[in-house]
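Q: Got a structure for you, written out below as C-alpha cells; questions coming shortly.
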Amino acid sequence: MNLRHRFLLPALGLLCLVPAAVAAEETVLALMERAADWQLAHPAKWKPHEWHNGALYTGVMALARASESPRFRAAMVQVGEQQQWQLGPRVYHADDHCIGQMFTELYQLDGDAKKIAPLRERFDYILAHRPVTTLEFDRVKNPKNQERWSWCDALFMSPPAWARLGQATGDRRYLDFAVEEWWATSDYLYDREEHLYFRDSSIFAKREPNGQKIFWSRGNGWVMGGLVRMLEVLPADHASRPRFEAQFREMADKIVTLQQADGFWRASLLAPESYPMQETSGTGFYCYALAWGVNHGLLDRAKFESPVRRAWAALASCVNADGKLTHVQPVGYTPVTFDPESTDAFGVGAFLLAGSEVRHLDPK
C-alpha cells in the first residue's frame with residue numbers, strides 16, 4: 001500500500017498504519033496468501049495440535065479453498081500426516097479438539113477415512129463417557145471444570161469440530177452433542193442484558209475502571225467465529241437453527257456498535273479507553289463473522305457492510321511488507337496492553353477467515 005494513503009495515530013502510541021481506503025494495489029486474496037506464507041514460514045512456538053495452531057489451520061483451509069495454489073492444502077495435509085491425524089492428548093479439553101476441524105475439512109475433500117478415524121474414536125469415547133461437572137471456572141473448587149466448555153473461547157475450539165464430523169459422517173449424535181453443550185455454556189456465560197459473553201465465571205463480578213462489566217474482545221470474537229462455523233453446517237431444518245441465528249444477530253447488533261472510529265475493536269469492548277491499542281485478533285473474528293452474515297443474508301447489508309470494510313482496511317494495514325500480521329494480543333483471558341509488534345498463529349487464522357468472507361462482499 002502507498003504510504004501517501006496512510007496516517008499514524010501517535011497520540012495513542014499506536015504503530016499500525018491505517019489506510020484512508022482499501023488500497024487497490026493488492027487484492028484480498030493476495031494479502032491473505034502473503035500473511036499465510038509468512039506464518040507458515042515462521043511457525044509459532046506452539047505444538048501443531050495446540051489450539052493456537054488449530055485456529056490458524058481453520059484460516060489456512062479457508063485460503064486453500066480460495067487460492068489457485070495447492071501449497072496451502074498441501075501444508076495442512078503435511079501437518080495431519082506428521083500428527084498421524086491425532087488430536088491433542090487431553091481427552092475432553094476443547095482446545096485439543098480444534099485441530100479436528102481441519103482434519104474433517106480435508107476428509108470432506110478426498111474421503112480418506114484415516115483423516116478422521118482418531119477424531120471419531122475420541123468423540124465416540126466422550127459420548128459414551130460424558131463428563132459430569134459444573135461450568136464453574138475454578139480449578140480448586142471444580143478441578144474438572146475444563147472437561148466441559150466452561151470458557152467462551154471453547155465455543156470456537158470444539159463445537160465446530162463436532163458439527164463438522166456430524167456433517168461428514170451423517171451421524172447426528174455429534175451435532176446433537178455440540179448443540180446441547182453450546183446452549184449449556186450460553187446459559188451460563190451469556191449476558192442477556194449486554195448480549196455479550198463473559199470469558200468465564202471468574203470474571204462475573206469483576207469490573208473495568210469505568211465500572212463496566214469486563215467483556216474481552218477476542219473472547220467474544222471466538223464466540224462469533226464459533227457461531228459462524230456452527231451455522232455453516234447446521235441443517236436448515238434443525239430445531240436449534242433459529243436459536244443460533246437469533247444469537248448471532250443479537251451479538252452482531254451489539255458488536256457493531258462497539259467498533260471504534262479506526263475500524264478496530266479494542267481489547268475491552270466496554271472500556272476501550274482503558275486499552276487504546278489497536279488489536280487484530282478480535283477485530284479479525286468480528287470482520288469474519290459480520291462479513292459472513294452479510295454474505296449469507298442474516299445481516300442487513302446497508303447496516304453492516306461499511307463496518308466490515310472498515311475492519312478489513314484496519315486489518316490490512318497491520319500486515320507488514322513481508323506478510324507478518326502485527327497487533328495480535330498475546331495468549332490470555334482478559335484485556336491487557338501488549339507490544340504492538342506482537343503476532344501469533346491464531347491471529348493469522350482470524351485474519352484469513354476474515355479475508356475469506358470479505359472477498360465475497362461484492363454482490364454478484
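Q: Look at Trp162 and say whether it is at pLDDT 95 or above and touching a Pro at 6+ places or on another chain (Cβ under 6 Å).
A: Spelling it out, it is not the case that Trp162 is at pLDDT 95 or above and touching a Pro at 6+ places or on another chain (Cβ under 6 Å).
Q: Only one of Trp222, Trp183, Trp162 is touching a residue at least 12 places away in the same chain (Cβ under 8 Å), assigned to a helix (DSSP H, G or I), more than 15 Å from the chain's Cα centre (by Cα) and surrounded by 20 or more Cβ atoms within 10 Å (Cβ to Cβ); which?
A: Trp162
Q: From Leu234, Leu269, Leu189, Leu196, grab the single residue that is crowded, with 23+ Cβ neighbours inside 10 Å and farther than 22 Å from Val328 by Cβ.
A: Every option except Leu189 fails the conditions.
Q: Of the conditions (1) under 21 Å from the mean Cα position of the chain (by Cα); (2) modelled with pLDDT of 95 or more; (3) not β-branched (Val, Ile, Thr), Ala44 satisfies every one except a single condition; which number is it?
A: (2)
Q: Quick check on this structure: which one of Phe137, Phe123, Phe156, Phe103 is of a type in the set (Phe, Trp, Tyr), in a loop (DSSP other than H, G, I, E, B) and either modelled with pLDDT of 95 or more or within 28 Å of Ala267 (Cα to Cα) (or both)?
A: That would be Phe137, the only listed residue that is of a type in the set (Phe, Trp, Tyr), in a loop (DSSP other than H, G, I, E, B) and either modelled with pLDDT of 95 or more or within 28 Å of Ala267 (Cα to Cα) (or both).
Q: With the condition being touching a residue at least 12 places away in the same chain (Cβ under 8 Å) and over 15 Å from the mean Cα position of the chain (by Cα), I'd like the helices (runs of 4 or more DSSP H) fully within the range 280-364 carrying at least 2 qualifying residues.
A: The qualifying helices (runs of 4 or more DSSP H) are 280-295, 301-316.
Q: Just checking, which of Gly88, Gly59 is in contact (Cβ under 8 Å) with a residue 12 or more places away in the chain, over 25 Å from Ser356 (Cα atoms) and of a type outside the set (D, E, K, R)?
A: Gly88
Q: Here is a further query. Taking the residues in the range 199-219 that are within 22 Å of the chain's Cα centre (by Cα) and assigned to a loop (DSSP other than H, G, I, E, B) as candidates, determine which candidate is surrounded by the fewest Cβ atoms within 10 Å (Cβ to Cβ).
A: Step by step, filter the range 199-219, then rank; the result is Ile214.
Q: Something else: Looking for something of a type outside the set (Val, Ile, Thr), in contact with a helix residue (DSSP H, G or I) (Cβ under 9 Å, 6 or more places away or on another chain) and within 27 Å of Lys45 (Cβ to Cβ) - is there at least one such residue anywhere in the range 303-315?
A: yes
Q: Taking the conditions exactly as written (over 20 Å from the mean Cα position of the chain (by Cα) and closer than 23 Å to Gln167 by Cβ), does Pro242 satisfy them or not?
A: When the stated conditions are applied, Pro242 passes them.
Q: Here is a check on your reading of the model: is Ala239 farther than 19 Å from Gly347 by Cβ, at pLDDT 95 or above and in a helix (DSSP H, G or I)?
A: no
The values are calculated or read from the model by the stated rules, or taken from the named source; none is laboratory data. Treat the numbers as computed from the prediction; the structure is a model and nothing was measured. Positions of Cβ are generated from backbone atoms using ideal geometry, with glycine treated the same way; all protein chains shown enter the neighbour counts.
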